[in-house]
Amino acid sequence: MASVEMPRGSLPVQNTSRAKKLQYLGILSGFTAGAWLGAAEAPTKLVTIGIPPMVISLIMVIGVFLARWSLPALILGTSSVRADVRRAPHLIIWAVLAGCLWAVANTLTIFAIRDIGLSIAFPLWNSNSLLGIFWGFFFFNELRQAGWRRWTGVLGGALVMCAGATLLAIASSTQAPAGHSLRGVWAALGAGILWGTMYIPYRKAYLTGMNPLSFITFFTFGELGMMSALAVSYTGLSPLWQELTSARSVIFWLMLGGFIWVIGDLFQQYAAKYVGISRGIPLSNSNQLWGLLWGIFVFGELHGRSSSTYLQVIGGSLLMMLGAGAIAFSSAAADEQARWKEAAQREVRRYGVEADYVEARMNGRQAADELVKPSRSAWDWLLVAGASGIFVLFAAIARVPQMSLHWGPVALLIAALLLLLLICGLALWRTTRFN
């Protein structure tokens, strides 16, 4: 088939059937992200057995750091990361900035969990949905020419989710330790603001064609650097080391939480890429529902509470499910996607990235001059082996924390996570080869 000559800096119109397939893939990625992100917060309940929030967050970020390098090396190889960086080197700075925002937000969530509980803190920091809709509209032409039905679905769905979060926040007065509920609420809301802003670099990266697996590798330098600075300045170097040493028997569980978070965040990256941050963030914020399941059934957070508290939590969660459903059925139509192309063209012109490369990556394909098959070197396998060895080392000295857990629900939730991982992972591979 003959190619059509396109002006430099312009992007061709995407095939309609391909666009719909990518939209469905983005929606599936958003819901899968919610499940894994919700599970990742479960280890932070260790704050209730006396481990300081800063120590928990730092150890989780170490697990995140190991995962964000080893997973891309395993899936596509670091050669793919280097190729992306050569084409769009400016995105390294944006990725590091996003990582810094994530580290601060994650630390705030742990303070929130300590003060108001997991099932209550989740919906409060998920207020980042509304901020994500605003940033997507303001910077990246999302929801432009979307029509009133899709506007109603996305914005109305987000507002319904916030209404559900409000019901859950009301329950915080019966859930939180006396005198600390307000502090926990502010910590959770602060995390929501930082996480909502963090998605600006996400969308910027994917409109410029960068692979999510490449973006997260540099994202993690900002995470680890910022988190290390926060921990040392807040705790002090010597006390921090003492806390880490005393917590060595549970380091594995916290690092595992960071690893689980990376899997969820990777799916969230694909959701942001294929349905935008105005839809991807609310969909991945279904993690609140999973957090509710972990909080209630695994940790028994609401055990012994009044029936009105149960009604508030369950009713709020149902509202959030309805809101997420409304957003999922409000996928971007052709007119709106054309405006996405305009935002991508702006990035192409601003940073001098090749239009063909950006167009191929936005369509979930490799560029014509890229390798068809991923290439893994000995360095890649060394990264994977090194990260695995560190996890095995800490697993060998780990012990099960002395806290109340219900293992039946744990097994069911893990089975659901693995099923979603299999379904969405296969869909991403078959449709995009993880591009």
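Bear in mind these aren't lab numbers, they're just calculated from the coordinates by the rules spelled out. What you see is a predicted model, and the numbers here were worked out from it, not measured in a lab. Cβ coordinates were reconstructed from backbone atoms using ideal geometry, including for glycine residues, and neighbour counts include every protein chain displayed.
Taken along the Cα-to-beta-carbon direction at a fixed 7 Å, the label points for S238 and Q145 span 6.6 nm.
May I ask you to derive the relative contact order of the chain, considering only C-alpha pairs under 8 Å and at least 6 residues apart, and to give it as an integer percent?
Numbers: 704 pairs, mean separation 152.7, N = 435.
Computed over the chain, the figure is 35 percent.
Counting Lys and Arg as +1 and Asp and Glu as -1, what is the net charge of the other residues whose Cβ lies under 12 Å from the Cβ of L266? Could the numbers behind the result be given before it?
Values: positive: R68, K273; negative: D265.
Overall, the nearby charge balance is +1.
For K21, a cut-off of 17 angstrom between C-alpha atoms picks up these aspartates and glutamates, skipping any fewer than 8 places away in its own chain: D335, E336, E359. Could you compute the FRET efficiency for H90 and T152, with r as their C-beta to C-beta distance and R0 at 22 Å, rounded to 0.05? That pair, H90 with T152, gives E of 0.05. A simple packing score, the average count of other Cβ atoms within 10 Å per residue, orders the peptides 254-265, 101-112, 344-355 as 101-112, 254-265, 344-355, with the highest score first. Quick check on the stretch 392-435: take the gyration tensor over C-alpha atoms, sort the square-rooted eigenvalues as a ≥ b ≥ c, and tell me if it's rounded (a/c under 1.5), prolate or oblate. It is oblate, given that a/c is not under 1.5 and a/b is not larger than b/c.
List the DSSP H helices in the chain whose Cα atoms stretch 24 Å or more along the helix axis and whose mean Kyte-Doolittle hydropathy is at least 0.0.
Values: long enough: 16-40 (36 Å, 0.36); 53-75 (32 Å, 1.97); 91-116 (37 Å, 1.74); 148-170 (32 Å, 1.13); 181-207 (40 Å, 0.53); 212-235 (33 Å, 1.12); 251-275 (36 Å, 1.09); 307-328 (31 Å, 1.28); 334-351 (26 Å, -1.87); 378-396 (26 Å, 1.68); 407-432 (37 Å, 1.95).
Helices meeting the span and hydropathy rule in the chain are 16-40, 53-75, 91-116, 148-170, 181-207, 212-235, 251-275, 307-328, 378-396, 407-432.
Set against the labelled values (1) 77, 51, 49; (2) 69, 52, 38; (3) 66, 45, 38, Cα extents along the principal axes in Å computed from this structure falls on (2). Just checking the listed ones, G408, G316, G153: in the Gaussian network model of the chain with Cα springs under 10 Å, the one fluctuating most is G408.
Quick one: grab the alpha carbon gyration tensor of the stretch 233-303, order the square roots of its eigenvalues as a ≥ b ≥ c, and give me rounded if a/c is under 1.5, else prolate or oblate depending on whether a/b is larger than b/c. List each step's numbers first, then the result.
Details: a/c = 2.71, a/b = 1.57, b/c = 1.72.
Because a/c hits 1.5 or more and a/b fails to exceed b/c, the stretch 233-303 counts as oblate.
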